[in-house]
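**Q** After the structure tokens below, expect a handful of questions from me.
Just so it is clear, none of the values below were taken in a lab; they were calculated from the coordinates. Computed from a prediction, not measured in an experiment: that's the story for all the values here. Counting neighbours? That spans all protein chains shown, and the Cβs are built from the backbone with ideal geometry, glycine included.
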């Protein structure tokens, strides 16, 4: 039974998402009043403000929301899968593989579409490597998966450093922007929306098994949960969401780490509430961070990953302080 406070929480998060969208449309180097935004969207006169909204701000806002929602949802799944509160979407080396694919494509001077495809291919290769190595024995465990992912991530990090140090200077800046998370060229297609909705629907269908798994594998097995199958579903679902988010916006940190913790502090521990709430808050958080990235030093823009780190570090420290218990 969903409690009244959970309904209020979801309603508040939907209101926050709406406000973040409005603020994003108002933010940027060109000042567009709120009245002009509504009239431009409704009338569509084809002028400068219309072009700014429809060609720049609306696509970027949608890309930020979808990316943030995917990362937050993936963070929830990773924390349950690994039973580690410090787990985030990038902990298993997925972003490293995507980065190597994207940076390699940049070195070849290909189009942005091919860069996104190369990033997704790199992420897929990393997923298969980690899962293959972790499941060499049929009794693969979460700890084995975590250790394998950390080692593979370190390997990808070495390859990234090699690419950066051997690249001509005129390409390094674009590569660094991608690594720090950049939404300036990001666009989302119907497939991205479909994947987000499919991931949310699948995980909501597994909410009760997820609640059981969060209390330990033995407890989940005692309640009739097929733990092995559930872990495989969680891994590949989180991997697909993370890989897609990385192809859209590069490496954007802290969204998948702090959003689930913030919601648990607000009482959303039931995954029937935590999953949709994470998608809403993660999307809103990244939209707001991107609005700041476009406004702080306008007309210049900061990589959105810089803003999420600046916000995420103190936020996570506050969460740790709140969760600290006095010694017995």
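**Q** Quick one: order 225, 125, 35 by neighbouring beta-carbon count within 10 Å, fewest to most. Don't skip to the answer; put the middle values down first.
**A** Details: 225 19, 125 16, 35 8.
Ranked by crowding around the Cβ, least crowded first: 35, 125, 225.
**Q** Oh, and also: Rounded to the nearest 500 deg cm²/dmol, what is the calculated helix-only ellipticity per residue at 222 nm for the chain, with -39500 (n - 2.57) per DSSP H run of length n ≥ 4? Intermediate values should be presented prior to the final figure.
**A** Values: 15 runs with 244 residues, N = 328.
Computed ellipticity for the chain at 222 nm equals -24500 deg cm²/dmol.
**Q** Then there's this: Please find, in a Gaussian network model of the chain (springs between Cα atoms separated by less than 10 Å), the residue of 79, 301, 51 whose mean-square fluctuation is greatest.
**A** Comparing 79, 301, 51 in a Gaussian network model of the chain, the most mobile one is 51.
**Q** Determine, for 316, 120, the number of other Cβ atoms within 10 Å of each Cβ, and report the residues in order from fewest to most. Don't skip to the answer; put the middle values down first.
**A** Numbers: 316 16, 120 20.
Ascending number of Cβ neighbours within 10 Å: 316, 120.
**Q** Could you line up 269, 57, 264 from fewest to most neighbouring Cβ atoms inside 10 Å? Don't skip to the end; give the middle numbers.
**A** Working: 269 13, 57 22, 264 18.
The order, fewest Cβ neighbours first, is 269, 264, 57.
**Q** Taking the Cβ-Cβ separation of residue 320 and residue 194 as r and a Förster radius of 30 Å, what is the calculated FRET efficiency to the nearest 0.05? Could you put the intermediate results ahead of the total?
**A** Working: r = 36 Å, r/R0 = 1.21.
For R0 = 30 Å, the calculated efficiency reads 0.25.
**Q** Still on this model: In nm, to one decimal, how far is the residue 176 label point from the residue 128 one, both placed 7 Å along Cα→Cβ?
**A** Rounded to a tenth, the inter-label distance reads 3.4 nm.
**Q** Taking 0.36 nm per residue of separation and subtracting the Cα-Cα distance, what length does fully extending residue 161 through residue 58 add?
**A** Values: separation 103, 0.36 × 103 = 37.08 nm, distance 3.43 nm.
Full extension from residue 161 to residue 58 adds 33.6 nm.
**Q** Between residue 219 and residue 107, take the C-beta separation as r, use R0 = 45 Å, and let me know the FRET efficiency to the nearest 0.05. Present the calculation step by step, with values, prior to reporting the outcome.
**A** On the way: r = 49 Å, r/R0 = 1.09.
Using R0 = 45 Å, I get an efficiency of 0.35.
**Q** OK, next. Would you work out the relative contact order for the stretch 4-320, in percent, from Cα pairs under 8 angstrom that are 6 or more residues apart?
**A** Values: 452 pairs, mean separation 104.4, N = 317.
That works out to 33 percent.
**Q** Any idea what the relative contact order of the stretch 88-224 is, in percent, if you count C-alpha pairs under 8 Å spaced at least 6 apart? Intermediate results must be reported in sequence, preceding the final value.
**A** Details: 107 pairs, mean separation 33.6, N = 137.
Computed value for the stretch 88-224: 25 percent relative contact order.
**Q** Something else now. Here are some values of Kirkwood radius over Cα pairs in Å: [x] 21.2; [y] 20.5; [z] 19.9. Which one was computed from this structure?
**A** [y]
**Q** A follow-up question, please. Measure off 7 Å from each Cα along the Cα-to-Cβ vector at residue 51 and residue 297, then give the distance between these two points in nanometres to one decimal.
**A** Between residue 51 and residue 297, the label points sit 2.7 nm apart.
**Q** A further question on this structure: Select from 167, 242, 251 the residue whose mean-square fluctuation is largest in a Gaussian network model of the chain (Cα-Cα springs shorter than 10 Å).
**A** For the chain, modelled as a Gaussian network with Cα springs under 10 Å, the answer is 167.
**Q** Taking springs between alpha-carbon atoms closer than 10 angstrom, which of 281, 162, 86 fluctuates most in the Gaussian network model of the chain?
**A** The residue with the greatest mean-square fluctuation here is 162.
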